[in-house]
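Each remark here refers to the structure printed beneath this line.
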Amino acid sequence: MSLRLVALNIILAGCLFFCAAASVSALDPETAYQQAKGRYLSLQSSSKKQLYRENWLDVIEGFVGVAQAWPRHRRAPDALYMAGKTARGLYQVSHLRDDADMALRYFNRIVIEYPKDNLADDALFQAGETLQKDLKDIVGAYRSFARIVRDYPGGDMFPLAKPRLSALAKKVPSEARSMQQSGTDAILQNIRQWSDGERTRIVLDFNREVDYETHALSGTDRDGPKIFFDIQKTAPGAELATPVLFDQGLVERVRVGHPVPTTLRVVLDLRRSVHQRVFSLKEPFRIVADLTPAAGGDAPADPAPPQAPSSNDELAQILEQHTELPGVTLNIPEKNPRKGLKRIVVDAGHGGKDPGAIGPRGTREKDVTLAMAKKLARHLRAALGCEVILTRDRDIYLPLEERTAIANRLNADLFISVHANASRNRKAYGIETYYLNFSKNKAAVEVAARENNTSLEEVGDLELILLDLMANAKINESSRLAAEVQGALVGKLKRKFSRVRNLGVRPGPFYVLLGATMPSILVETAFISNPTEEKRLKSAAYQDQAARAIAEGVRRYARALDLIASNR
Ligand SMILES: [Zn+2]
């Protein structure tokens with residue numbers, strides 16, 4: 001359920017004119033399209049109407065509504081193209097960067113969603129024009145025209161794009177061109193967001209590791225605050241429609257540009273001043289920015305930077321005004337303490353394309369963890385009477401950072417990640433429970449490396465960023481919760497099963513616990529690599545006993561902290 005909500009939010013954030021789609025769907029697509037076209041022609045012929053922004057937006061809404069309501073109809077790409085052209089017309093009047101961005105967004109959508117349509121190369125050409133003339137992004141423009149020449153050599157835009165490409169080639173340095181052609185650029189593949197109204201997490205996904213710098217700008221009269229990343233030797237992926245708009249959270253919009261040809265700049269336009277924690281994760285490489293509102297309301301924390309000489313190129317101005325961040329920010333306001341244990345997020349480890357560890361008889365960790373997590377949710381509801389949410393309730397892939405983001409967004413009181421252990425030594429067996437912290441223990445670091453899907457060296461890198469994140473982690477509560485759960489697991493299972501071994505509670509550097517703002521633990525319920533324990537993990541009886549025991553551990557933890565009424 002929670003996952004569907006997350007997905008819905010992302011879809012809603014992507015649909016600027018979602019409501020318009022609902023209002024036109026009473027008509028048929030052709031009529032709706034012709035109505036929008038009629039309003040477009042009427043706007044074109046009246047210079048008086050063109051003075052009012054709402055008239056432009058009205059036409060754009062009409063066209064976008066057609067594409068939203070009937071995405072498979074032949075008019076859909078047509079309507080997006082007209083929406084883009086109208087937005088560009090609006091830009092000629094308003095000179096607002098947002099309007100040029102809006103045009104770019106619709107043109108890019110055609111290329112991504114309807115690459116085989118007759119209008120795809122026209123949309124690329126319009127995107128190139130918008131980038132070159134309106135946004136002064138010659139590298140972006142070069143790439144648009146280059147794509148027409150490469151991908152649409154038989155199209156009607158080819159003879160127009162070719163001379164533009166030759167002219168731009170003189171201005172775009174060869175390294176920017178040759179990299180693009182030889183494909184050695186890293187690719188920014190996706191931009192993702194989670195928000196709970198208070199905190200926002202932005203994740204940039206790449207196809208490989210990149211070098212990047214983080215910069216922040218406080219707001220000015222003219223312009224809101226922003227954070228931007230300058231990323232070396234990277235290009236936006238062909239599947240990425242930018243700018244990306246978010247209708248909730250601290251980030252209003254994410255857009256890309258090229259301050260210099262070999263650098264991709266990703267700009268987060270913020271709704272207000274924030275504190276940011278930025279770190280990177282590997283396999284696959286991604287940059288994660290966790291944002292919380294800055295103290296002191298919307299007023300910029302620092303005096304506005306000196307104005308750069310006036311120029312049409314806003315990104316060039318940002319470059320001149322930028323200030324390096326002074327290290328990491330630890331000043332994160334504490335959450336208001338809440339009485340009681342109201343909501344628990346249970347995370348079934350792995351899933352989808354990530355099977356987790358695989359036992360000697362082929363049992364997959366992801367199946368065991370899902371079955372156990374579902375049972376745990378039931379027992380927690382029964383034992384504590386609180387709300388329990390699963391990060392996944394079926395066999396789907398979830399990136400590690402999304403799991404704590406769900407818990408943070410739901411303002412959960414506890415986060416419990418369920419796993420099964422594995423070792424190259426098939427004789428290894430037992431139960432252990434982890435919480436997030438530094439670890440000097442080699443075995444703990446090995447378990448973390450496996451669960452993180454990284455090398456041991458990369459776990460070392462992770463420990464460096466832990467230093468920053470520790471400020472917000474509930475270490476004491478987490479270790480206490482881990483101790484109660486581990487104690488209950490061993491005690492309860494020993495009564496029903498032979499050779500139950502207590503491997504204890506350990507700190508460890510686990511990605512999946514990173515960034516959680518509530519007490520959080522990772523339970524290794526048995527060794528799937530051990531033939532006896534693999535059989536147990538597969539059995540409903542062991543799964544049920546382990547789930548009961550974890551719920552009992554949580555109940556003891558809550559009672560010790562007086563989080564629930566003692567008679568429950
Ligand atoms: Zn696992």
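Bear in mind that the values in this text are calculations on the coordinates, not laboratory data. As the structure is a computational prediction, the values presented were derived from the model and not from experiment. Here the Cβ is made from the backbone with ideal geometry for all residues, glycine too, and neighbour counts use every protein chain on show.
Odds and ends about this structure:
- Volume of the Cα convex hull of region 343-560, divided per residue and given in Å³: 106 Å³
- Expressed to the nearest 5 percent, the antiparallel share of DSSP beta bridges inside region 332-428 is 20 percent.
- Modelled spin labels at Thr532 and Ser455, positioned 7 Å past Cα toward Cβ, are 3.7 nm from each other.
- ³J(HN,Hα), Karplus 6.51/-1.76/1.60, whole Hz, each residue of region 524-536, x for Gly, Pro: 9, 7, 4, 9, 6, 7, 9, x, 5, 6, 4, 4, 5
- In plain terms, the chain from Ile112 to Asp156 could stretch by 13.9 nm, reckoned as 0.36 nm per residue minus the Cα-Cα distance.
- Given Lys133/Lys171; Lys282/Lys427; Lys282/Lys535; Lys282/Lys353; Lys366/Lys442; Lys85/Lys226, the pairs whose alpha carbons are separated by over 22 Å: Lys282/Lys427; Lys282/Lys535; Lys366/Lys442; Lys85/Lys226
- Residues Lys48 and Tyr397, FRET efficiency given R0 of 45 Å [Cβ-Cβ distance, rounded to 0.05]: 0.25
- What the phi angles of region 57-72 give under the Karplus curve with 6.51, -1.76 and 1.60, with θ = phi - 60°, is a coupling list of 5, 4, 5, 4, 4, x, 5, 5, x, 4, 5, 6, 7, 10, x, 9 Hz, glycine and proline written as x.
- Cβ charges +1 (Lys, Arg) and -1 (Asp, Glu), total dipole of region 16-182, debye: 460 debye
- Length gained on full extension, Arg74 to Glu30: 14.9 nm, using 0.36 nm per residue less the C-alpha separation.
- Segment Glu209-Gln92, length gained on full extension (0.36 nm per residue, minus Cα span): 38.2 nm
- Inter-probe distance in nm under a simple model that places probes 7 Å from Cα toward Cβ, at Gln232 and Lys442: 3.5 nm
- Amide hydrogen proximity for Ala420: with H placed 1.01 Å from N in the peptide plane, the residues at 5 or more positions away or on another chain lying under 5 Å are Thr525.
- Note on Leu41 and Ala169: with the Förster distance fixed at 41 Å, the Cβ-Cβ geometry gives a FRET efficiency of about 0.60.
- Along region 549-555 the Karplus relation, 6.51 cos²θ - 1.76 cosθ + 1.60 evaluated at θ = phi - 60°, assigns HN-Hα couplings of 5, 4, 4, 5, x, 5, 5 Hz to successive residues, with x for each Gly and Pro.
- For Val274, nonlocal amide neighbours, meaning residues 5 or more places apart or on other chains whose placed amide H falls under 5 Å from its own, are Ala294.
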